[in-house]
Amino acid sequence: MKNIDTYDFTGKKVIVRVDFNVPLNNNFEITDDTRIRAAIPTIQKIREGGGAVILMSHLGRPKTGPEDKFSLKHLIDDLSEKLGTEVLFADDCIGESAKQMAAQLKTGQVLLLENLRFYPEEKNGDAAFAEKLASLADVYMNDAFGTAHRAHASTAVIAQFFPNDKMFGYVMKNELASINKVLKEGKKPVTAVLGGAKVSGKIEIINSLLSKVDNIIIGGGMMFTFIKAMGGQIGNSLVEDDLIDTAKNAMKKAAEMNVTFYIPTDTVIADKFDNNANIQTCKAGEIPDGWLGLDIGPETINTFSDVIEKSATILWNGPMGVFELDNFAKGTIDIAKAIAHSTSKGAYSLVGGGDSVAAVNKYNLKDEVSYVSTGGGAMLESLEGKTLPGVAAIEG
Ligand code: AMP
């Protein structure tokens, strides 16, 4: 494996797997360019180092073959502007035209290939397809963390054709460094704050984190399975009865491993799943029938904030309540603020996976935490302790 910071790109053609899977509106305008902006330093580094860049990505979910609405051509203008150079476009990611355009590419030029997923071979991890992509370049770089948990042709299989010239781009490097900072090099005490709807999606994360953290804080809909497991009355709250034993086991294992489990002691309840419902606060294990818990309560916010303030490393995944509805957003907002405040005092904080990222963006706190991950599924699989195929292909 080579390093983007030290590699000599002079005269090299570098094929970079980027994650340009950005949302487009009906006029094919980019409504959130975060992923494109994230890739710019990597692209500029190669250009400034004397190389030429061939960019490949997927966009959306094309069914079979090309679909205009999923064409990467819609990104050309925006990308050209961001890079300060006219980006060339190949309307097929493999084949004669791509080959010719790649062959004629000069130092500093950037060529964008058409959507990889117009070929089913991409998701199938087809080796012949990967080899065709590989034939366009001298160097392979993976900078698409969002798809690093997939063993697709462009994210993993292609790496074998560049045994001595493969590396991560800056997005991948930063994502992996932030995960390591929490899971491998985390300064103690390390606290994981887990929320979201269900235990089912998080149990492997909990089990994997037990050997890596000092505290596990549980909020969100998943808390009620734990509260019921402890004998509490949860009214009509979200619960996964088939996971009660799993929740009990996780708490038992935590105690054995000296990990402190924090389960909410109070909750904001409503008589229906609606922002305009009747609302009360009650003890977490004493929810009357007909009522459901939709947020953590004030006492819990205090306890959780206190643990977060005393932590040196914080991982946050999943909202504390139904934050999409304003009346049940306070828990998520206050916990996000506690994480930001702890960060301002020197803690390292990583926000990763789906809705907690949406929450820090919504409350304008993304610059007040140490790192916000761009890859939902890839981040979750990393937290589960899995090796990502896109990472293994570069490191192997
Ligand atoms: P996840 O995708 O598992 O991270 O779950 C995120 C979703 O969990 C968000 O849409 C929240 O509205 C939802 N959620 C959080 N707390 C609760 C709760 N107490 N009851 C039901 N849903 C919740």
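Rule-based calculations on the coordinates, nothing more; no lab input. Computed from a prediction, not measured in an experiment: that's the story for all the values here. As a convention, Cβ positions derive from the backbone with ideal geometry for all residues, glycine included, and neighbour counts pool all protein chains shown.
Of the DSSP beta bridges with both residues in region 241-396, give the percent that are antiparallel, rounding to the nearest 5.
Numbers: 9 of 15 bridges.
Here the share of antiparallel DSSP bridges comes out near 60 percent.
Can you flag which of Lys13/Lys184; Lys181/Lys337; Lys252/Lys310; Lys253/Lys345 are past 28 Å Cα-Cα?
Values: Lys13/Lys184 35 Å; Lys181/Lys337 21 Å; Lys252/Lys310 24 Å; Lys253/Lys345 31 Å.
In this structure, Lys13/Lys184; Lys253/Lys345 lie more than 28 Å apart at Cα.
Calculate, for Glu299 and Asn27, the FRET efficiency according to 1/(1 + (r/R0)^6) with r their C-beta to C-beta distance and R0 51 Å; round to the nearest 0.05. Numbers along the way, then the final one.
Details: r = 49 Å, r/R0 = 0.96.
Efficiency for this residue pair is about 0.55.
On a straight-distance basis, which aspartates and glutamates could pair with Lys187 in a cross-link, Cα separation under 17 angstrom, same-chain partners fewer than 8 positions away excluded?
Qualifying aspartates and glutamates at Cα under 17 Å: Asp214, Glu309.
Exceeding 31 Å between C-alpha atoms, which entries from my cross-link table qualify? They are Lys99/Lys366; Lys63/Lys248; Lys73/Lys132; Lys69/Lys123. Intermediate values should be presented prior to the final figure.
Details: Lys99/Lys366 41 Å; Lys63/Lys248 43 Å; Lys73/Lys132 21 Å; Lys69/Lys123 19 Å.
Violating the 31 Å Cα-Cα cut-off are Lys99/Lys366; Lys63/Lys248.
Around Ala128, with a cut-off of 13 angstrom between Cβ atoms, what is the net charge of the other residues, counting Lys and Arg +1 and Asp and Glu -1? The partial results should precede the final answer.
Values: positive: Lys132; negative: Glu121, Glu122, Asp126, Glu131.
Around Ala128, the surrounding residues sum to -3.
Please give me the summed charge of the neighbours of Lys345: other residues whose Cβ is under 11 Å from its Cβ, Lys and Arg +1, Asp and Glu -1. Don't jump to the answer; show the numbers that get you there.
On the way: positive: Lys310; negative: Glu309.
Neighbourhood net charge equals 0.
Find how much the distance from Ser80 to Glu256 grows on full extension, using 0.36 nm per residue of separation minus their present alpha carbon separation; answer in nm with one decimal. It would help to have the intermediate numbers written out before the result.
Values: separation 176, 0.36 × 176 = 63.36 nm, distance 5.58 nm.
Separation in residues times 0.36 nm, less the Cα-Cα distance, equals 57.8 nm.
Take peptides 205-215, 57-67, 143-153 and line them up by average Cβ neighbours within 10 Å, highest first, as a rough protection proxy.
Values: 205-215: 19.7, 57-67: 16.1, 143-153: 25.6.
Ranked by mean Cβ neighbours within 10 Å, highest first: 143-153, 205-215, 57-67.
Rounded, prolate or oblate for region 13-168? Axes are the square roots of the Cα gyration tensor eigenvalues, ordered a ≥ b ≥ c, and the cut-off for rounded is a/c under 1.5.
Values: a/c = 1.39, a/b = 1.06, b/c = 1.31.
It comes out rounded by the Cα gyration axes.
With each label point set 7 Å from Cα along the Cα-Cβ vector, what nm distance links Ser200 and Glu309?
For Ser200 paired with Glu309, the spin-label model returns 3.9 nm.
If you count, for each residue, the other Cβ atoms within 10 Å and average over each peptide, how do 87-98, 328-339, 184-195 line up from highest to lowest? Write out the running numbers ahead of the final one.
Details: 87-98: 17.9, 328-339: 23.7, 184-195: 19.5.
Put in order of decreasing packing, that is 328-339, 184-195, 87-98.
Considering only DSSP beta bridges with both partners in region 13-168, what is the antiparallel share in %, to the nearest 5? Let's see the in-between values first.
Details: 1 of 19 bridges.
Once the DSSP bridges in region 13-168 are tallied, antiparallel ones form about 5 percent.
Express in whole angstrom the spacing between the alpha-carbon centres of region 12-51 and region 195-248.
38
How large is ³J(HN,Hα), in whole Hz, for each residue of region 210-226 in order, when computed from phi with the Karplus curve 6.51 cos²θ - 1.76 cosθ + 1.60 and θ = phi - 60°, using x for Gly and Pro?
Per-residue couplings from phi come out as 3, 8, 10, 10, 9, 10, 10, 9, 10, x, x, x, 5, 5, 6, 5, 5 Hz.
How much net charge surrounds Phe304 when only the other residues with a Cβ under 13 Å from the Cβ of Phe304 are counted, with Lys and Arg +1 and Asp and Glu -1? Each step should come with its number before you reach the end.
Numbers: positive: Lys310, Lys330, Lys337; negative: Asp266, Asp295, Glu299, Asp306, Glu309, Asp334.
Around Phe304, the surrounding residues sum to -3.
Of the DSSP beta bridges with both residues in the chain, give the percent that are antiparallel, rounding to the nearest 5.
Working: 10 of 49 bridges.
Around 20 percent of the beta bridges assigned by DSSP in the chain are antiparallel ones.
Against the longest principal axis of the chain, how steep is helix 244-256, in degrees 0 to 90 to the nearest 10, with axes from Cα atoms?
Rounded to the nearest ten degrees, it is 90.
Compare the peptides 351-364, 236-249 by average per-residue count of other Cβ atoms within 10 angstrom and give them in order, highest first. Walk me through the numbers before you get to the answer.
Numbers: 351-364: 19.8, 236-249: 17.1.
Top of the packing list down: 351-364, 236-249.
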